[in-house]
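These notes concern the structure reproduced below.
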Amino acid sequence: MLRRLRSLLLQAGSFVLAGGLLYLALRGVELDDLRAVLRQATLWWLIPMVAVALLSHLVRAWRWQALIEALPPEPGHPRPTLPLGLAFSSIMIGYMVNYAAPRLGEPVRAAHAAARTRLRFSSVFGTVFAERVLDLVTLLVALASLPLVFLHDLGPIRALLAALWPADLDPRLPGLVVGAIVGLGLVVLIVYRRVLIRSESPLRGDGRNAPSRRSMPSGMAS
């Protein structure tokens, strides 16, 4: 009974939060103007848009599931797994939290997934951090491929960028910024990998998986 009441309260709270956010989004907007815009809009385009958005979130949940399953198993525990439905629901909960507090949804979705599995929060949140590094590297690769895509239009693009670039700034600054971002991403990836391997080692010093003196042979316990 208590669990059902808590579930109902959480659902009611989510609707209240959604209503409050909708009020803040439409505050100061004339309802007559909103109705006029909605009458002119082709609302049927919402169906493929929602379908594509849900599919992209499902692919993201599958990628997160793959990262979770790639974690090294702890001694005495099965290989880490995360059901696809749980990964999808955790991602959607994270999106909802981001509307109220940007970037807070990432630790919230990691905590939601860890609370419903036997995984540690630090390991789950580490995969979320790895996702961000992968997204950053993918974005940099996409930006680096733009000159190849627009190979025949580099002249107008260069002229446009030159017109937008302030004259008092060093033209080498974009390359330095991109190089710094790539270097920082590589450093973060290396540090994360070392921390993950150290935290998953059976000989780490937290005392939970370290071999006890009782389990050692008598010759080694001395």
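Every read-out reported here was derived from the displayed coordinates using simple, explicitly stated rules and does not represent laboratory data. Keep in mind it's a predicted model, so treat the numbers as computed, not measured. Every residue, glycine among them, receives a Cβ derived from its backbone with ideal geometry; neighbour counts consider all protein chains shown.
Tabulated data
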read-out	value
Pairwise FRET efficiency - residue 39 versus residue 10, Cβ, R0 = 41 Å, nearest 0.05	0.70
Fewest-first sequence of 93, 181, 190 by Cβ atoms within 10 Å of each Cβ	190, 181, 93
Where N is the number of residues in the range 31-79, Cα Rg divided by 2.2 N^0.38 Å	2.18
Percentage of interatomic Cα-Cα distances in the range 13-158 larger than 20 Å	65
Residues of the range 54-84 with amide N under 19 Å of the 7 Å Cα→Cβ point at residue 142	54-64
